[in-house]
Amino acid sequence: LEDLTGPALNNFIKFVAVVSFVTSDIYDEFPDNTWIWGIGQVFLNFSLIGFFKFGLAAAVRQLEGFLRRRREAVEFEEGVAMLREIEKREKELAARMEGMKKDDQDLQLV
């Protein structure tokens, strides 16, 4: 809050005044010659919004896919992928064996 009051605010107002005075020749007062730039700016703004809404998400998904494939390739080379597959098959086999034990218990109860 202290930066927005007193001397700091005065310095900011001075900065804005100097910048607007120095760049006043760049801008036209009336839009007779610059209306096409305004339309171009509108299209540019819509394209930036579209990119940040959809294109950026697609770019992030592509990057994540690339990093995931790279990680999987490294894991395959190091043998980690094979160990995970073996553990997965062991769990499936244990679950199947557990299911068979339950079926055997059901048969014994009858």
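The values are calculated or read from the model by the stated rules, or taken from the named source; none is laboratory data. Since the structure is predicted, the reported quantities are computational estimates derived from the model, not experimental observations. No Cβ is skipped: glycine too gets one built from the backbone with ideal geometry, and neighbour counts run over all protein chains shown. Just the protein is used for accessible areas: all its heavy atoms, side chains included, with ligands, DNA and RNA removed. Shrake-Rupley method; radii C 1.70, N 1.55, O 1.52, S 1.80 Å.
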Checked region 14-58 for anything aliphatic (A, V, I, L, M) and under 37 Å from the mean Cα position of the chain (by Cα); matches are V16, V19, I36, I39, V42, L44, L48, I49, L56, A57, A58
Of the residues that make up region 78-92, is at least one open to solvent by less than 100 Å² (accessible area, probe 1.4 Å), in contact with a helix residue (DSSP H, G or I) (Cβ under 7 Å, 6 or more places away or on another chain) and not in a loop (DSSP other than H, G, I, E, B)?
-> yes
When region 1-34 is checked residue by residue, the ones that are modelled with pLDDT of 85 or more and of a type in the set (A, V, I, L, M, F, W, C) are F15, V16, A17, V18, V19, F21, V22
